[in-house]
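Rule-based calculations on the coordinates, nothing more; no lab input. Note that the coordinates shown come from a computational prediction; the quantities given were computed from them, not determined experimentally. Glycine also receives a Cβ, built like all others from the backbone with ideal geometry; neighbour counts cover every protein chain displayed.
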Amino acid sequence: MLGLKLATDPRWVNIVESNIEEILTDHAWCEQKAASNAIYIIVNNSEKEELVTEMTRIALEEMEHFQMVHTIIKEKGLTLGRERKDNYVNDLVKFAKKDGSRNDALVERLLFAAMIEARSCERFKVLSENIQDPELAKFYRDLMISEAGHYTTFLGFAKKYQDNINVDTRWKEWIEYESSIIANYGNRETVHG
Ligand SMILES: [Fe+2]
Ligand SMILES: [Fe+2]
């Protein structure tokens, strides 16, 4: 799915179901971080009109997702906990190239974002197909579609703005790296855990 090499073991959903407050809290913060990432891209690339337009749309959509998760938390009588560390995303940050031009940094940031969208989308698919709660199953199926659209947008912009980076080659490196770390996950009740 979306070029990912390793699929999540559906037994991860059993872990998730043991602590719905934890997955929803972590998920809410994932949406906030996705919005913050889109805003970061806007701040650093203000002159790129099409990019700013699309990143504004994504930032709003991600905050809408945050609002949806927060509403579910409230309806279930749960509490939104404090922001969680995302070890998976921190592992991806380590792989991201920090040198290069401002344009290289943009392309790398877009690929980093596409990677997170791809895995989040896959996790939402696994949730939607395996979770017992029918409301959450539908919710995660809807979000899976939305995050797949974001994945396509980020990868499309990476290709559009590539100059001295070959995006197809670099994307293969991202996919390889991701497959080398994801085996360590699938054992916690968080979106990427
Ligand atoms: Fe989202
Ligand atoms: Fe997204």
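Please state the Cα pair-distance histogram of region 1-98 with 10 angstrom bins from zero: what percent is in each bin?
Pairs per bin, as whole percents: 14, 33, 38, 14, 2.
Net charge within 13 Å of Asp104 by Cβ-Cβ distance, Lys/Arg positive one each and Asp/Glu negative one each, not counting Asp104 itself? Intermediate results must be reported in sequence, preceding the final value.
Working: positive: Lys97, Lys98, Arg102, Arg109, Arg170; negative: Asp99, Glu108, Asp163.
Charge balance in the 13 Å sphere: +2.
Just to confirm my numbers, what's the Cα centroid distance between region 33-52 and region 127-193 in Å?
With region 33-52 and region 127-193 each reduced to a Cα centre, they are spaced 19 Å.
Can you sort His70, His192, His27 so the residue with the fewest Cβ neighbours within 10 Å comes first? Let's see the in-between values first.
On the way: His70 16, His192 23, His27 28.
By the 10 Å Cβ count, ascending: His70, His192, His27.
What is the sum of charges, Lys and Arg at +1 and Asp and Glu at -1, for the other residues whose Cβ falls under 12 Å from the Cβ of Val93?
Details: positive: Lys33, Lys85, Lys94, Lys97, Lys98, Arg109; negative: Asp86, Asp91, Glu108.
That sum, taken over residues with Cβ under 12 Å, equals +3.
Contact order normalised by length for the chain, with contacts defined as Cα pairs under 8 Å and 6 or more residues apart; what percent is it? List each step's numbers first, then the result.
On the way: 225 pairs, mean separation 65.3, N = 193.
Normalised by residue count, the contact order of the chain is 34 percent.
Under 20 °C and 1.002 mPa s, how fast does region 133-193 diffuse according to Stokes-Einstein, given a Kirkwood radius computed over C-alpha pairs? Answer in µm²/s, whole number.
152
Which values, in whole Å and largest first, are the semi-axes of the equivalent ellipsoid of region 12-182 obtained as the square root of 5 times each eigenvalue of the Cα gyration tensor? Intermediate results must be reported in sequence, preceding the final value.
Working: eigenvalues 171, 61, 38 Å².
Taking √(5λ) for each Cα gyration eigenvalue gives 29, 17, 14 Å.
Give the order of Tyr161, Tyr140 when sorted by the count of other beta carbons within 10 angstrom, beginning with the fewest. Intermediate results must be reported in sequence, preceding the final value.
Details: Tyr161 17, Tyr140 20.
Neighbour counts put them in this order, fewest first: Tyr161, Tyr140.
As a footprinting exposure proxy, order Leu2, Leu127 by other Cβ within 10 Å, with the fewest listed first.
Details: Leu2 17, Leu127 26.
Fewest-to-most Cβ neighbours within 10 Å comes out as Leu2, Leu127.
For Asn14 and Arg82 in the same chain, what is the full-extension length gain: residue separation times 0.36 nm, less their Cα-Cα distance, in nm? Don't skip to the end; give the middle numbers.
Values: separation 68, 0.36 × 68 = 24.48 nm, distance 2.30 nm.
Contour length minus the Cα-Cα distance gives 22.2 nm.
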